[in-house]
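Notes follow the structure.
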Amino acid sequence: MILVTLFRGPMRLLFARGFVLTMLILAGGCRAGASRSTVPDRPNVLLVTIDTLRADHVGCYGYRDASTPTIDALARRGVRFETAVVHAPLTGPSHASILTGQIPVGHGFRNNSGFMLPPQVKTAAEDFRQAGYRTAAFVSGFPLDRRFGFNRGFEIYDDRLPKGNDRRRTPYVERFADATTDAALRWLGAASSARAPESRWFLWVHYYDPHAPYEPPADLAERYRQAPYDGEIAFVDRQLARLFGALDVTNETARTIILVTADHGESLGEHGEGTHGIFLYDATLRVPWVMAGPQIPAGRVSRTVARSIDVLPTLADYAGLARRSDVDGRSVRAAADGRPMSDAASYAESLYSELELGWAPLYAWRTAASKFIKAPHPELYDLDTDPSETRNRVGEQHARAADLSRTLEEVLLRTPAPVAAPPVDSETAERLRALGYVSGGRVSHAAGVAQRDPKDGIHLLPHLNRGMSAARTEPELAIRELTAVLAEDSSLLMARRTRAVAYAAAGRHDLAIADLRALENKGALTAEDAVVLGDNLRSAGRLEEAALVLERAARENPAFAQPVISLAEVRIQERKYDEGAALCERVLKLVPDHIEALRRLGDLALLREDLGTAAARYERIVALDANDASALTKLGVVRMRSGRSDLAMPLFRQAIEREPRNADALLYLAGALASGGRPADALPYFERALEAGPPSTMALNGLGLTRLAVGDTAGAAAAFRKSLQLDPTQPEIARTLAEMRRQAVEKQQPEC
Ligand SMILES: [Zn+2]
C-alpha cells in the first residue's frame, strides 16, 4: 500500500545524512584518630573549598536552620576556627591566596577576569608535587578554569564544566557538586588501586553550588523554599559525605588531613549587596575553616583568627613540607593544638568595583577587634561590639582610623608586585592602559579622577543583579533593568556587557552587537565578550565578521578554548567542515576532552558517514557526563544508521529520562518506533516532540504518517497541512495529502 512505502521513506530520512546536517547546523545556531603507629610520616591532604559559603550558615558555626551534618561531624572530630577570613570576596583572587599563601598584592591575581596567576608565584600543588605527592584538582566554576593558571602543579586538573541543560544558566560555567564528586571519586578510586602504598596525594576539590543563582535539587528546593541558598549548601554537604565516605572505604581517613573552607561568603542583602564581590564586610570575608585528620585534636574550637593565606603553610606544616619565605601566611597548627597564638591582622581588597563597574576600589585592614576600609568615604568598625559593621566610627575614633589606615598604606606600598607581568598581550595591555590601569599585576587609577564610592552606587546593584540573573530567562525584563542602570551611570561596563547577553537571549542580535562594539570602542571588550560578540555576529548571519572577531580573540588568548570552538561553529555554518574539524582538534589540544569539541567532531564524522569515529566521540562524552542527553541521542542515531535499532532505542529512552523535554530525543525515539512498525507506540513521542520543540516538518510529517498508520486520517491531514505551511516545497507530502483527498472522495462515491 502506498502509505506504508511512504511511511518508511520519510522515517528513514530522519536518520539520513541530510537531516543530520540540518540538526548540526541548527545545534550550532542555538544554543570527600587512628593510633599513632598507623599514622604515616606524611598524610594525604584533601583541601575542599566551597564557593560562596558564609560561616554563619553552617551548623557548627551556630546556624540553626543548617543542614550541614558532614561539615559539623568533621568539626567534631577535628578543629574549627571560629573566625576565618579571606582576602578578597572574589573566586579567582581568593583561591589564588588559598593556593599560594600570599595576599592579592603579593600574588598579583586581582580580579576574576583579566588576570592570570604569575608563573613565578609558587602554588601548594607545586610544593606537594615537589615533595613527591600525587596532585589532582576537581573544580566546578569557570573562574578556576585552567586558562587562569590554577592548574599549575596539578598532574590532573579537571575543570570540565558541562554545558548544562538549563537555558537560564550560562553554559559551561558551573558543574554541580554531584558531578564534581563523581569525578573526584573516580580519581580517588583509580589512585588507590594504582599507587604504591607509601605514595601520598594532595587533592583539591572545589564546589560552586552555593554561588547564585540558588537552585538546589528538587527535594532540597522544596525543603528550603524560603532559603534556597541554604539548600545549595545542604546539597554540597551531602556530596561531601560521599567524598569523605570514599576515604573510609579505602581506609585512608586516618591518614588524610581534610580542610574545608570557602573563598568568600555572600552578603544576602546586607549593606545593600545581594551577592559578593564589591564590599569588604564580614558577610563576604568570614568563611568556615574546619579541619580534621592525623595529629589534629578532636572537638576543639580555636578563637585565633585564621586567614586564607594560612591554609598553605598549615597544610605544609602537617605534611612536613619545608616552609617557604615568600609566603605571607603562617601555620595555625599551634592554635589548633590549643597553644597560645596571637591574632594576625588581615588584608583584604576588591578591585571588582573598579575593574568591572568603573567605581573606586576598596581596601581593608582587619585586626581581631577592628576593621578599617579605605574608600572615598572611609569606614571603621568595632568588630566586638558591632559584628554586622553597621556603625561607622571613623568620625569618632580618628586616631584609631589613622593608625589602621597607615598600616594599610604600608602594605599597599611595601609588598612588591610580581616582577613578571601576567601574560597579557600588547593589545590587552593597551586596553588596561586605556582604562587607567598599568599591566603587571598592579593597578593604579589615573590621578585626579574622582571615583564613585561603591556605597553611593550600591543602590544600582539590585537592578544590575536582577538584570544579570534575568538576562537569559527573562531578557526583556533584564533589558529594562539594565537600560535604567545605564541611564544613571552610562560608564557601568557590567551593565552594558550583561545587556548584550540579554539582547542575544531575546534574539535581538544587532542590539547585542551594538553594546559589545561600544565596549570594544572603550577598550573594555574582554575575551569572553569577544566570544559573545562572535556568537551574535554568527547568529545574525554575519559570518565573516564573526570569524574576524573570534580569530582575533583566539590569537590574543592562546590558552582560551572558547573563541576557537565558536570559530569552529562559524566554519561549520559556512559548510567548511574540514576547517571546523581542525579547529575542534585544536580545542582538544588546549582542553583534553572538551565536550563541545568532541560533540562537533562526532557530528562531523556522522556527516561524512564515519560511524565508528562518530560513535567513539559520543561515547567519550557520555563517559564524561552520563547526563548528556544530546550525546546519548546522537549515539542512538549512529546505532540506527548501523542498523542496530535494538541498541538505539534504549539510548533515546535514556536521553528522554535525563531530559524529558529533549525534542530531538523524543523525535528520534518516535522515528525509531515508527520505522520499526510500532506506530501506536511512536505517536505519543511525536506529540511530545512537537510540544517540546519548535515545529519542524520532520516531526509534523512523522506525526502525520503515524496517525495515518493508526487510522486517524483527519489527524494525519492536519499534520501534513501544518508541515506544508512551514515548508511548501515538499512534493512528497503534497502528493500524500492529494492522494488522501482522492481516496476520501472515492469512499464517498458508490462503486460503478
Ligand atoms: Zn567564589
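Only the Cβ atoms of Lys and Arg (+1) and of Asp and Glu (-1) were treated as charged; on that basis the dipole of segment 362-414 about its Cα centre amounts to roughly 140 debye. Semi-axes of the equivalent ellipsoid of segment 475-621 are 32, 15, 13 Å, computed as sqrt(5λ) over the eigenvalues of the C-alpha gyration tensor in descending order. Along the axis of the charge dipole computed for segment 47-350 (Cβ charges of +1 for Lys and Arg, -1 for Asp and Glu, origin at the Cα centre), the listed residues VAL287, ALA322, PHE115 are led at the positive end by ALA322. Compactness of segment 362-414 is given as radius of gyration and Dmax, 10.3, 32 Å, from Cα positions.
For segment 28-159, a/c is not less than 1.5, where a ≥ b ≥ c are the root eigenvalues of the C-alpha gyration tensor, and a/b does not top b/c. That puts it in the oblate class. Available extension along the chain between ASP41 and SER199 is 55.8 nm, counting 0.36 nm per residue and deducting the alpha carbon span. Couplings for segment 467-474, taken from phi via the Karplus curve 6.51 cos²θ - 1.76 cosθ + 1.60 with θ = phi - 60°, read x, 5, 7, 9, 3, 9, 7, 10 Hz in order; Gly and Pro are left as x. So what does the Cα-only Debye profile of segment 87-141 read at q = 0.18, 0.28 Å⁻¹, as log10 I(q)/I(0), no solvent term? Debye curve over Cα of segment 87-141, log10 I(q)/I(0) at q = 0.18, 0.28 Å⁻¹: -0.61, -1.14.
Positive end of the dipole of segment 362-414 (Cβ unit charges, origin at the Cα centre): among TYR363, HIS398, THR385, the Cα lying farthest that way belongs to TYR363. Across segment 362-414, the mean sequence separation of Cα contacts (distance under 8 Å, 6 or more residues apart), normalised by length, yields a relative contact order of 28 percent. Under a 5 Å amide H cut-off, with hydrogens placed 1.01 Å from N, ALA137 pairs with ILE156, TYR157, ASP158, TRP204 among residues at least 5 apart or on other chains.
For the chain, the tally of Lys pairs with Cα-Cα distances below 22 Å comes to 6, considering only residues 8 or more apart or on different chains.
Note on the chain: dipole from Cβ charges, positive end direction compared against ILE458, ALA665, HIS87; the farthest Cα belongs to ALA665.
Charges were assigned to the Cβ only: +1 to each Lys and Arg, -1 to each Asp and Glu. The resulting dipole of the chain about its Cα centre is roughly 1380 debye. Which shape class, rounded, prolate or oblate, goes with segment 47-350 when its Cα gyration tensor gives a ≥ b ≥ c as root eigenvalues, a/c under 1.5 marks rounded, and past that a/b bigger than b/c marks prolate? Because its axes are fairly even, with a/c under 1.5, segment 47-350 counts as rounded.
I'd like the FRET efficiency for LEU413 and GLU691, computed as 1/(1 + (r/R0)^6) with the beta carbon distance as r and R0 of 60 Å, rounded to 0.05.
0.40
Please compute the length gained on full extension between ARG186 and ASP712, using 0.36 nm multiplied by the number of residues separating them and subtracting their Cα-Cα distance.
Working: separation 526, 0.36 × 526 = 189.36 nm, distance 5.16 nm.
This chain segment gains 184.2 nm when fully extended.
For the peptides 355-364, 569-578, the ranking by packing is 355-364, 569-578, with the highest mean count of neighbouring Cβ atoms within 10 Å listed first.
Under a model in which nothing but the beta-carbon of Lys, Arg (+1) and Asp, Glu (-1) is charged, segment 266-385 shows a dipole of about 620 debye around its Cα centre. If R₀ is 45 angstrom, what is the calculated FRET efficiency for the pair THR385 and GLU544, using the beta carbon separation as r and rounding to 0.05? So, using R0 = 45 Å, E works out to roughly 0.10. Among 84-91, 136-143, the peptide with the highest mean count of other Cβ atoms within 10 Å heads the list, and the full ranking is 84-91, 136-143.
Put simply, the C-alpha atoms of the chain give a gyration tensor, and the ellipsoid matching it has half-axes of 52, 30, 23 Å, longest first.
Sorting the segments 708-719, 489-500 by their mean number of nearby beta carbons within 10 angstrom, highest to lowest, gives 489-500, 708-719.
Only the coordinates and a few stated rules stand behind these numbers; no lab work does. On a predicted model such as this, the values are computed, not experimentally measured, just so you know. No Cβ is skipped: glycine too gets one built from the backbone with ideal geometry, and neighbour counts run over all protein chains shown.
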